[in-house]
Structure formats: C-alpha cells, structure tokens
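Written below as structure tokens is the structure these notes are about.
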Amino acid sequence: MKQIIYAEWLKVKSYRTFWVMVSLALLVIPAGNYIVADKFSSGELNKVSKMLGNPFSFPEIWLTAASINSYISVLFGLLLIILVTNEYTYRTNRQNVIDGWDRKEFVYAKLCWLVGLSLAALAVASGSALVLGIVYGGRPFSLEGFSYMIYYWLQLLVMLTIALLISVWVKRAGLSIVLFLAYNMMLEQLLVMIVKFNFGNIGGLLPLQSGDELLPFPLVGKMIPGAVSYDAYVYVSAMLVYIGGGISLVFRKILKSDL
C-alpha cells in the first residue's frame with residue numbers, strides 16, 4: 001500500500017492543476033459557510049434567526065455546516081474525475097500494469113484518493129463549523145449533533161463513488177465531467193420527483209438524496225416538521241449500499257475490460 005500511495009504522490013507532486021483544484025475545493029468550504037453565517041448575522045435574516053433560533057450556535061452548527069457543505073463539495077468529484085481519466089489519457093494505467101501492478105492495485109490507488117479527499121473535506125468542514133460556532137454562536141462548545149458531519153461525509157463518499165464509476169466507464173475527462181454535473185445538478189432531482197410522485201417516500205432513498213434527507217437546513221426543519229420520512233439508519237444504510245455497490249462495479253469494470 002505504501003508503494004501505491006508513493007506512486008500516486010509522484011503523479012501529482014508537480015501537477016499544478018491538481019494543487020489549484022484541491023486548494024480551491026478546500027477553500028470553498030470555509031468561504032461558503034462564512035458567507036451564509038455573515039448573512040444570518042445581519043439584516044432581515046438576523047430577525048428570522050432570532051425568532052427560530054441561531055443555526056450557527058452549538059449544537060445546531062453541525063447540521064447547518066453539513067447542510068451547506070453538501071451543496072458546495074462538487075469540486076472534489078471533478079478533481080477525482082480528472083485524476084482517474086488522466087490515467088487513460090496518458091496511458092499511465094497501462095504502464096503501471098506493465099511495471100508489475102495488479103489491476104486491483106489500480107483501483108486501490110483511486111480508492112485512496114476517494115478516502116483521502118473525503119477525509120480532507122470532513123476535517124476542513126468540521127474545523128470551519130467549530131470556528132463559526134465560536135464566533136457566531138452564543139452557546140458553549142458541544143459535540144452533540146456531530147453525527148450530521150458524518151452524514152455529510154457519507155454523502156460525499158457517495159458522490160465520489162459516482163464520480164469514480166463514471167470515470168472508469170467513460171474514460172474521457174470532458175464527457176465524464178458533463179455526465180457527473182448533469183446527474184448531480186439535474187438528473188437525480190428529476191428522478192427523485194418522479195419516484196416520489198409515483199411511489200412515495202422511497203424516492204428519498206436515491207444516492208445523493210439519501211444524504212439530503214438527513215441534512216435539512218435547521219430553520220427549514222423547524223418550519224417543516226416531519227420532513228424526514230424514514231429513520232436515519234435507513235438513509236445511512238442506503239448510502240453504504242451505494243458506496244459498496246459502486247466500488248464493486250468499478251472493480252468489475254477494471255478487472256474485465258481493456259486498459
């Protein structure tokens with residue numbers, strides 16, 4: 001595993017696009033949270049916050065930050081797509097196999113990126129929530145509700161699994177990015193509406209929607225009680241199934257197709 005990680009490091013060590021994108025993806029998290037917090041601390045939104053409670057106080061801050069971050073983490077998916085499709089563009093995946101790598105090791109290498117990017121996002125998101133809770137909140141520090149950050153992390157893992165799956169099937173960066181953005185921004189929402197209309201709450205169990213159902217913005221949750229249709233473990237189980245199923249399909253594709 002150390003050899004795999006070292007090889008991946010060599011690929012990105014001097015790759016300027018990677019460092020620009022990963023820096024931007026990590027910067028967007030605290031920036032996005034700060035912008036929303038600043039809006040809620042002044043003007044008309046501050047009056048709403050005073051009536052319904054400050055969403056940036058502990059313990060509500062964990063849900064607030066997780067909810068905001070769930071909408072602004074798409075850059076991590078784009079970054080993973082670029083890393084994977086570059087392997088096909090520059091034939092480095094073939095060279096790795098020629099040099100003695102097993103095909104499974106190629107997948108392990110990309111799974112390292114999937115886990116690494118998601119953990120980096122979780123760390124930055126948690127740190128941002130901690131700072132905003134101290135600066136904008138009026139209550140002492142509390143880890144109550146930190147489980148919402150774990151829900152955000154699981155949803156991000158689902159998103160990255162989708163990005164990985166699209167990348168290994170399409171193999172081209174441009175088309176993979178278009179398909180990934182289309183699914184995230186439009187296709188799944190359309191599917192959710194259709195399934196909920198025809199089959200009820202089961203539409204909330206679609207891949208990214210499973211996380212969204214667990215991460216309503218706090219003030220919205222107070223104005224629309226009972227918005228979550230199933231217990232949390234149902235949505236968590238659905239996300240774990242999507243992650244496991246997506247990774248299995250990636251292994252199947254890599255092991256049985258030409259590189």
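Take residue 219 and tell me if it is of a type outside the set (Phe, Trp, Tyr), within 23 Å of residue 108 (Cβ to Cβ), at pLDDT below 95 and surrounded by 13 or more Cβ atoms within 10 Å (Cβ to Cβ). So residue 219 fails the test. Which of the residues spanning the stretch 160-192 are crowded, with 17+ Cβ neighbours inside 10 Å and not in a helix (DSSP H, G or I)? Listed by number, the list holds a single entry, 171. I'm trying to understand the selection: among the residues of the stretch 123-148, which are buried (at least 20 other Cβ atoms within 10 Å of the Cβ) and of a type in the set (A, V, I, L, M, F, W, C)? Correct list: 125, 129, 132.
Which is modelled with pLDDT of 85 or more, surrounded by 14 or more Cβ atoms within 10 Å (Cβ to Cβ) and more than 30 Å from residue 160 (Cβ to Cβ), of 41, 49, 57? One residue alone meets the criteria, 57. Within the stretch 94-110, does at least one residue satisfy the condition of being closer than 19 Å to residue 184 by Cα and surrounded by 16 or more Cβ atoms within 10 Å (Cβ to Cβ)? Within the stretch 94-110 (the criterion being closer than 19 Å to residue 184 by Cα and surrounded by 16 or more Cβ atoms within 10 Å (Cβ to Cβ)), the answer is no, since none of the residues qualifies. Number of residues in the stretch 68-95 that are basic (Lys, Arg) and either part of a helix (DSSP H, G or I) or at pLDDT 90 or above (or both): the value is 1.
A Cβ distance below 9 Å, combined with a sequence gap of six or more or placement on separate chains, defines the contacts here; from the stretch 186-206, residues that are basic (Lys, Arg) reach residues that are assigned to a helix (DSSP H, G or I) in the pairs 196/202; 196/203; 196/204.
The values are calculated or read from the model by the stated rules, or taken from the named source; none is laboratory data. For clarity, every value in this text was computed on a predicted model and none was experimentally measured. So basically every Cβ, Gly included, is an ideal-geometry build from the backbone, and we count neighbours across all protein chains shown.
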